[in-house]
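Worksheet: one structure, shown below.
The values are calculated or read from the model by the stated rules, or taken from the named source; none is laboratory data. Just so we're clear, the structure is a prediction, and the values are computed from it rather than from any experiment. Please note: Cβ atoms are built from the backbone with ideal geometry, for glycine as well, and neighbour counts cover all protein chains shown.
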Amino acid sequence: MKNINNLMKQAQKLQSKMMAIQDELGERTVTAQAGGGMVEVTANGRQELVLIRIDPEVINPDDVEMLQDLVLAAVNDVLQRSKEMVSEEMSKLTGGFKIPGLM
């Protein structure tokens with residue numbers, strides 16, 4: 001019975017640490033660029049986009065598809081970077097042990 005109590009205490013500590021890390025990651029950001037920096041996108045650790053910057057020079061009404069492709073590339077890249085940031089921080093907490101549904 002004592003082992004189960006210890007296990008429960010460890011699980012509660014881990015949960016508290018995870019919540020603190022998630023709060024911290026919500027404040028941390030990563031940035032990605034496309035088109036040589038013509039499109040820049042920033043996301044936080046919650047995989048929320050917090051900034052999209054588009055250089056006016058890339059805006060061409062006759063080539064909307066190029067701008068769409070640049071935005072899409074930058075968004076996909078920044079979301080991947082955000083996921084990697086979260087995974088890296090959670091891995092530190094769990095000692096590299098993969099917990100289903102956590103990362």
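Go through L79, L49 for me and flag whichever is within 30 Å of M18 (Cα to Cα), surrounded by 17 or more Cβ atoms within 10 Å (Cβ to Cβ), touching a residue at least 12 places away in the same chain (Cβ under 8 Å) and touching a strand residue (DSSP E or B) at 6+ places or on another chain (Cβ under 9 Å). Step by step, each of L79, L49 is checked, and only L79 is within 30 Å of M18 (Cα to Cα), surrounded by 17 or more Cβ atoms within 10 Å (Cβ to Cβ), touching a residue at least 12 places away in the same chain (Cβ under 8 Å) and touching a strand residue (DSSP E or B) at 6+ places or on another chain (Cβ under 9 Å). Inside the stretch 40-61, can you point out the residues that are assigned to a strand (DSSP E or B), within 27 Å of E89 (Cβ to Cβ) and either among the small types (G, A, S) or in contact with a helix residue (DSSP H, G or I) (Cβ under 9 Å, 6 or more places away or on another chain) (or both)? Residues satisfying the conditions are E40, V41, T42, A43, N44, L49, I52. Among the residues of the stretch 62-77, none qualifies, meaning not one is assigned to a helix (DSSP H, G or I) and touching a Leu at 6+ places or on another chain (Cβ under 6 Å).
Taking the criterion of being within 22 Å of K92 (Cα to Cα), in a helix (DSSP H, G or I), within 17 Å of the chain's Cα centre (by Cα) and among the small types (G, A, S), would at least one residue in the stretch 13-34 satisfy it? For the stretch 13-34, residues within 22 Å of K92 (Cα to Cα), in a helix (DSSP H, G or I), within 17 Å of the chain's Cα centre (by Cα) and among the small types (G, A, S): present. Within the stretch 85-103, residues that are modelled with pLDDT of 75 or more and assigned to a helix (DSSP H, G or I) have Cβ atoms under 8 Å from residues that are surrounded by 11 or more Cβ atoms within 10 Å (Cβ to Cβ) and among the charged types (D, E, K, R) in these pairs: M85/R28; E89/E24; L93/K17, counting only partners at least 6 apart in sequence or on another chain.
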